[in-house]
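Asker: Take this structure first; my questions come after.
The values are calculated or read from the model by the stated rules, or taken from the named source; none is laboratory data. Please read these numbers as outputs of a predicted model, since none were measured by experiment. Ideal geometry is used to build each Cβ from the backbone, glycine not excepted, and the neighbour counts take in all protein chains shown. Just so you know, the surface numbers come from the protein's heavy atoms only, side chains and all, with ligands and any DNA or RNA stripped out. Shrake-Rupley method; radii C 1.70, N 1.55, O 1.52, S 1.80 Å.
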Amino acid sequence: MNTQVKDLPIMDYPPLTEDLEEAKEHLDLYGMALIKNVLSTDEVDQMDNRLTEQFYGEEKFKVGSKVRGDEGFGVESSEEEKVSRLVWNLINKGDCFLKLIDHPKILPLIQHIIGERVCLCSMGAHMNGSGNERMALHQDQWPLVPHPMEFPFMANVMYLISDNSLENGGTRLIPGSHKWPLLDYKTANSEEVQKMAVSLSAPKGTAIVWEGRVWHGNGLNRSGSIRSNISTAFLQPWVKPQEYHQYSIREEVIERLSEKQKHILGFSAFGTLGGHDGSSVSPAEFDPNRESIGILKP
Ligand SMILES: O=C(O)CCC(=O)C(=O)O
């Protein structure tokens, strides 16, 4: 085994908890926490039904993203092999998902990792079909920005809409890997490191929270059914989000968002960032043709 890999410390998964203070301790120690019963059975059922409908709706209209899973390794897959769907931008795809923008049990944990001011990076479902392949192990926050940074500026939450297990390809994370020295992708995807990332088993309704430096990926689903998890990723507000919300959210959805949710989606300025003409006026209701100051003469 390569010496660099041999020396990397590994840990078991933290135990499930419902105590937010304990979850914060887990985040510091393991880089991740497993919070039980974040979503009720009714909420899970409602989201599950909406996702299943959306999966087949996007299939019917031939839109959205279909994958086998291992495309990140540069391999090609046929249409039949693309058994999984990434259902992007759930904000537009059902009111039941809007509560995940600022879930009261989860937002304090995100703020514990990246600070008070957070902005939503993206919200999408990983609906992994049976027969999928493993995606490359990756860190969420690198290479998102051009330089690796030794502090967490991103945090992810995976809401389990299906029970996750070894058989259906539960998410695989490497607890403690947020403290590893920076690895290149080849080393991180060597067999030795892959073996350290084991599919976790946890009941639906659980939320996995992890910081942006934890190495992770999906698992192999061989269960015969789809495994659905919703990823809701957050950033410090100076980073460009994956989804440009002011542009992508449909008008009828904007009307249903609270002021707090709009702020997390970047519809208002963060300090001196994201305003216009030197002010911090919200870009949400801003019409540049009317309000942006152009060429003026005395
Ligand atoms: O589908 C999964 O279990 C993992 C997805 C993932 O790696 C991610 O959202 O970054």
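Asker: Counting only residues that are open to solvent by less than 40 Å² (accessible area, probe 1.4 Å) and either closer than 13 Å to Met32 by Cα or part of a loop (DSSP other than H, G, I, E, B) (or both), how many does the range 200-212 have?
Answerer: Going through the range 200-212 one residue at a time, the tally reaches 9.
Asker: Being open to solvent by 20 Å² or more (accessible area, probe 1.4 Å) and over 17 Å from Val209 (Cα atoms) is the filter here, so list the residues in the range 118-135 that pass it.
Answerer: Answer for the range 118-135, where residues must be open to solvent by 20 Å² or more (accessible area, probe 1.4 Å) and over 17 Å from Val209 (Cα atoms): Ser130, Gly131, Glu133, Arg134, Met135.
Asker: Keeping to the range 155-173, report how many residues are open to solvent by 10 Å² or more (accessible area, probe 1.4 Å) and more than 9 Å from the ligand (Cβ to nearest atom).
Answerer: Going through the range 155-173 one residue at a time, the tally reaches 6.
Asker: Further question: If you go through the range 142-175 one residue at a time, how many are β-branched (Val, Ile, Thr), in contact with a helix residue (DSSP H, G or I) (Cβ under 8 Å, 6 or more places away or on another chain) and more than 30 Å from Gly131 (Cβ to Cβ)?
Answerer: Here the count works out to 0.
Asker: May I pose another question? Residue check: is Leu107 open to solvent by 30 Å² or more (accessible area, probe 1.4 Å) and closer than 22 Å to Ala233 by Cβ?
Answerer: Taking the combined requirement at face value, the residue does not satisfy it.
Asker: Assess whether Lys93 counts as being more than 17 Å from the chain's Cα centre (by Cα) and either free of Cβ contacts under 8 Å to residues at least 40 places away in the same chain or away from the ligand (no atom under 14 Å from the Cβ) (or both).
Answerer: No: the conditions fail for Lys93.
Asker: Then there's this: Cβ-Cβ below 8 Å, separation at least six or inter-chain, first residue in the range 156-183 and closer than 17 Å to Ser231 by Cβ and in a loop (DSSP other than H, G, I, E, B), second within 13 Å of the ligand (Cβ to nearest atom) and basic (Lys, Arg): which pairs?
Answerer: Going by the 8 Å Cβ cut-off, the qualifying pairs are Ser162/Arg227; Gly169/Arg227; Gly170/Arg227.
Asker: Within the range 61-81, how many residues turn out to be open to solvent by 40 Å² or more (accessible area, probe 1.4 Å), within 21 Å of the chain's Cα centre (by Cα) and under 22 Å from Asn189 (Cα atoms)?
Answerer: The qualifying residues number 3.
Asker: Here's a follow-up. How about the range 31-120: which strands (runs of 3 or more DSSP E) wholly inside it have at least 1 residues that are touching a helix residue (DSSP H, G or I) at 6+ places or on another chain (Cβ under 6 Å)?
Answerer: 32-35, 84-87
Asker: Here is a check on your reading of the model: is Gly266 surrounded by 21 or more Cβ atoms within 10 Å (Cβ to Cβ) and touching a Leu at 6+ places or on another chain (Cβ under 8 Å)?
Answerer: yes
Asker: Oh, and also: Among the residues of the range 118-147 satisfying the criterion of being more than 21 Å from Gly217 (Cβ to Cβ) and at pLDDT 95 or above, which is nearest to the chain's Cα centre (by Cα)?
Answerer: That would be Leu120.
Asker: Take the residues in the range 1-43 that are open to solvent by 80 Å² or more (accessible area, probe 1.4 Å) and hydroxyl-bearing (Ser, Thr, Tyr); name whichever of them is nearest to the chain's Cα centre (by Cα).
Answerer: Thr41
Asker: Could you list, in sequence order, the residues of the range 183-199 that are of a type in the set (S, T, N, Q), under 22 Å from the mean Cα position of the chain (by Cα) and open to solvent by 20 Å² or more (accessible area, probe 1.4 Å)?
Answerer: Across the range 183-199, the qualifying residue is only Asn189.
Asker: Sticking with this structure for a sec: Which one is nearest to the ligand (Cβ to nearest atom) among residues in the range 215-247 that are part of a loop (DSSP other than H, G, I, E, B) and open to solvent by 70 Å² or more (accessible area, probe 1.4 Å)?
Answerer: So the residue we want is Gln242.
Asker: So is Gly224 free of Cβ contacts under 8 Å to residues at least 40 places away in the same chain and more than 21 Å from Glu150 (Cα to Cα) or not?
Answerer: When the stated conditions are applied, Gly224 does not pass them.
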